[in-house]
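A short worksheet on the structure shown next.
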Amino acid sequence: MGAKKTEEDILKKLGIEKLNPMQVAAKEAILSESEILLLSPTGTGKTLAFLLPIIAKLNPDLRKIQALIIVPSRELAIQIEQVIREMGSGYKANAFYGGRSGSKDKFDLNHPPAILVGTPGRIASHMYRETFDLAEIKTLVLDEFDKSLEIGFDDEMIEILEALPAVEKKILTSATYGVDIPDFAEFESPKEVNFLTEEKAQLEIKLIESPTKNKDDTLIRMISNMGNQPGIIFCNFKETIAEVSDLLHEHQISHGCFHGGMEQRDRERALIQFRNGTHQLLVATDLASRGIDIPDLKFILHFQLPHRAEEFTHRNGRTARMHAAGTAYVLKSKTEQWPDFIPNSDLVEFAKSELPQPSKWKTLFISGGRKDKISKGDLAGLFFKQGKLGKTELGIIELKTDCAFVAVAADKVDDAIRLCNNTRLKKKKVRVSLI
C-alpha cells in the first residue's frame, strides 16, 4: 500500500468535519486501554469510533489478518466492510458470513485482509478448518455482542475467543444498558465509554388503539396520516409480515419486506430501496431493529407488541437517532394486554386521510461495480449524458463490488433503461434493469 492515511485524510474522504463526543471518547479509550466496553445508541457512529483507532495501529507491511470484528448478522458484516472501504485507508477488509459462497472466502484468503469482519458461525467454521493464520490478530471487536448471544451463538463465541492466541485489545460494543459479559469473554476491568443517556428525551411513545382484534383498518388510517415519511412497521413473525404486505399492496402503498426467511440478496435489495426512497415503509421483524444501515426515521410502529423489553428498546432505537426527534407508535387492540415494560403513553387518534402518494423514485440495477473500476461519478455521468436525466431526476447511487443500484425518477425510468442498457462503461458492457 502507499503512504499510511491519517485520520484527517479518512474523515475528509468520508465528508465528516469532526468526530462527535462519543467517537472522541471511544478513540481515546481504545488507543490507551486493553479492554473497552463501548455503550452508545444505534446510529451514533460506533463503527467509525472503533475503526479509526484500529486502523491507526495496523502494520502496513504485514500481510496477515490483524483485527477481527465479530458481528451477529450478515447485514452488519456487509455494512462494516463497506464503511472500511469508504474510509479509503488502503487496508484490505473482507466480510465472511453464512450464505456467502465458500469459494469467495477462499479467494479472499489468498491475499488475507488486514481486517476480517464476520458472523460467529462462519468465523468459527474457518477456525475449525484452520483456513487462516490467527497469530497476528491483536485486536478483537465484539460488535453488538449481546445480540450474538441472544440469537444463540454462545458456543461459536467461546470457540473463537479460545482460539485466539495473541489478542492484546478487546472491544465490546452494545446499544443496550446492563450488558452481562459472560466469563468466557475474559473481560477483567474494561474501560467503560457510556453514551446511552444521550437521546432518550428525543423519543416520543404514543398509543394507537384498534377497536377490533383485526388491526388492518387502523394501520391503513395511521399510514395515511404519516404521508411519505420513512418508517418501519415491526412484526413478530414473517407470516404477519406477509399479511401486512398483502394489505399494503391492496391499497397500492409502496413498501419493502425484511425478515430472516428471505434470501440475502432480497433482504439487501429491500434495504437499498428503503435507503434511496423507492420504498418509504419497511415491514420487518426484529432483525431490522439494529445492525443494519438505514436512514434516520421519523417513526416506527409496533404493529405487534414485542415480547421483551430489549426488543422494544432496539425497535425504538431506529428513530430519534443522533439527537433528532422521532416517534414510536404502539398499535394494540382493546383486548390486548399492555406489557409492563412499555410506559403508559398518550392515546393518539387519526382522522381519515388520503393514502400516501406513490414514491417519486424507482431503483435500477447496473451489472458493473467497483471491481470493474467503475465509480459513482462514472454512473452519474452515464445517466446524465446517455440517459439524459436532469440533476433532480437522479437519486442515491450505491456502488457494490460487482454491481450498483441507482435511484431514478419514476417517470423517467423507462427512458433511462432504454438509453443506458447495454452501454459500455469503462471497459465493461453493462446491463441496466429495474429491480
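Among strands (runs of 3 or more DSSP E) entirely within region 198-290, having at least 3 residues that are of a type in the set (A, V, I, L, M) and at pLDDT 90 or above singles out 203-210, 281-284.
Of the residues in region 200-215, not one is closer than 22 Å to K362 by Cβ and surrounded by fewer than 16 Cβ atoms within 10 Å (Cβ to Cβ). Residues satisfying the criterion are present in region 350-360 (criterion: buried (at least 18 other Cβ atoms within 10 Å of the Cβ) and either touching a Cys at 6+ places or on another chain (Cβ under 9 Å) or hydroxyl-bearing (S, T, Y) (or both)). For region 152-191, enumerate the residues that are closer than 23 Å to L76 by Cα, touching a residue at least 60 places away in the same chain (Cβ under 8 Å) and exposed (fewer than 14 other Cβ atoms within 10 Å of the Cβ). The one that is closer than 23 Å to L76 by Cα, touching a residue at least 60 places away in the same chain (Cβ under 8 Å) and exposed (fewer than 14 other Cβ atoms within 10 Å of the Cβ): Y177. Per the listing D105, D154, D143, the residue uniquely over 26 Å from K57 (Cα atoms) and charged (D, E, K, R) is D154. Number of residues in region 237-273 that are surrounded by 14 or more Cβ atoms within 10 Å (Cβ to Cβ) and either in contact with a Pro (Cβ under 7 Å, 6 or more places away or on another chain) or at positive phi (or both): the value is 2. Restricting L394, L364, L419, L399 to residues that are touching a Gly at 6+ places or on another chain (Cβ under 7 Å), buried (at least 17 other Cβ atoms within 10 Å of the Cβ) and modelled with pLDDT of 95 or more narrows the list to L419.
Identify, please: which residue in region 318-361 is touching a strand residue (DSSP E or B) at 6+ places or on another chain (Cβ under 8 Å) and of a type in the set (F, W, Y) and is, among those, modelled with the lowest pLDDT? Checking each candidate, the answer is W338. Looking at region 324-435, the strands (runs of 3 or more DSSP E) lying wholly inside it that each contain 1 or more residues that are more than 28 Å from the chain's Cα centre (by Cα) sit at 326-333, 423-425, 428-430. The number of residues in region 115-144 being touching a Ser or Thr at 6+ places or on another chain (Cβ under 8 Å) and without any contact (Cβ under 8 Å) to a residue 60 or more places away in the chain comes to 2.
Among the residues here, F145 qualifies as of a type in the set (F, W, Y) and touching a helix residue (DSSP H, G or I) at 6+ places or on another chain (Cβ under 9 Å). The set of residues in region 402-412 being surrounded by 15 or more Cβ atoms within 10 Å (Cβ to Cβ) and closer than 25 Å to K373 by Cα consists of C403, A404, F405, V406, A407, V408. If you go through region 20-35 and pick out every residue that is surrounded by 15 or more Cβ atoms within 10 Å (Cβ to Cβ) and touching a helix residue (DSSP H, G or I) at 6+ places or on another chain (Cβ under 7 Å), you end up with 5. Taking (1) surrounded by fewer than 18 Cβ atoms within 10 Å (Cβ to Cβ); (2) closer than 30 Å to L347 by Cβ in turn, M222 satisfies each apart from (1).
The values are calculated or read from the model by the stated rules, or taken from the named source; none is laboratory data. None of the values given here were measured: they were computed from a predicted structure. All Cβ positions, glycine included, derive from the backbone under ideal geometry; neighbour counts span all protein chains shown.
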